[in-house]
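> Dropping the structure in here first, questions after.
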Amino acid sequence: EKIVSVAPDALNIYPNPATSEFHVDGMSSAGLASISTITGREVISHPLAKGSNTITLKNLKAGIYLLRCSSRDGIYNGKLIVR
């Protein structure tokens, strides 16, 4: 199976830094968002619909997290800052 990276500008992820929630816009197909600590422990897994999505950051401490958005069209990896 081939892994395709999604161009950083293909998705609009805002606000970043975030406080209580953030948005993922531009999904070309349904997929999954995964938020992990820098050490790799997954703290949130959230389904993504085609188009626009809102993800609540309940119970997350302030810090830097790894964000992975994946779908059949590819994978986006980035950082999410929570204040």
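The values are calculated or read from the model by the stated rules, or taken from the named source; none is laboratory data. None of the values given here were measured: they were computed from a predicted structure. Heads up, the Cβs are rebuilt from the backbone with ideal geometry, glycines too, and the neighbour counts pull from every protein chain shown. In case anyone asks, the SASA skips ligands and DNA or RNA and just uses the protein heavy atoms, side chains included. Shrake-Rupley method; radii C 1.70, N 1.55, O 1.52, S 1.80 Å.
> Residues being under 14 Å from the mean Cα position of the chain (by Cα), over 21 Å from Val4 (Cβ atoms) and polar (S, T, N, Q): count how many of those fall in region 21-42.
1
> Shifting gears a bit: Identify all residues within region 43-79 that are farther than 21 Å from Val4 by Cα, open to solvent by less than 30 Å² (accessible area, probe 1.4 Å) and assigned to a strand (DSSP E or B); write none if there are none.
Passing the criteria: Ile44, Asn53, Ile55, Gly63, Tyr65.
> Right, another one. Only one of these conditions is not met by Tyr76: (1) free of Cβ contacts under 8 Å to residues at least 60 places away in the same chain; (2) in contact with a Lys or Arg (Cβ under 8 Å, 6 or more places away or on another chain); (3) of a type in the set (Phe, Trp, Tyr). Which number is it?
(1)
> In addition: Which of the residues that make up region 17-42 are more than 18 Å from Ser71 (Cα to Cα) and surrounded by 14 or more Cβ atoms within 10 Å (Cβ to Cβ)?
Pass one, region 17-42, residues more than 18 Å from Ser71 (Cα to Cα): 17-22, 37-41.
Of everything in region 17-42, those that are more than 18 Å from Ser71 (Cα to Cα) and surrounded by 14 or more Cβ atoms within 10 Å (Cβ to Cβ) turn out to be Ala18, Phe22, Thr37.
> Return only the number of the condition from (1) without any contact (Cβ under 8 Å) to a residue 60 or more places away in the chain; (2) open to solvent by less than 60 Å² (accessible area, probe 1.4 Å) that Val82 does not satisfy.
(1)
> Now for a different question. What pairs come out if I take residues in region 41-70 that are within 18 Å of Met27 (Cβ to Cβ) and pair them with residues that are among the charged types (D, E, K, R) and modelled with pLDDT under 95 whose C-beta lies under 9 Å away, six or more apart or interchain?
Hits for this filter: Ile44/Lys58.
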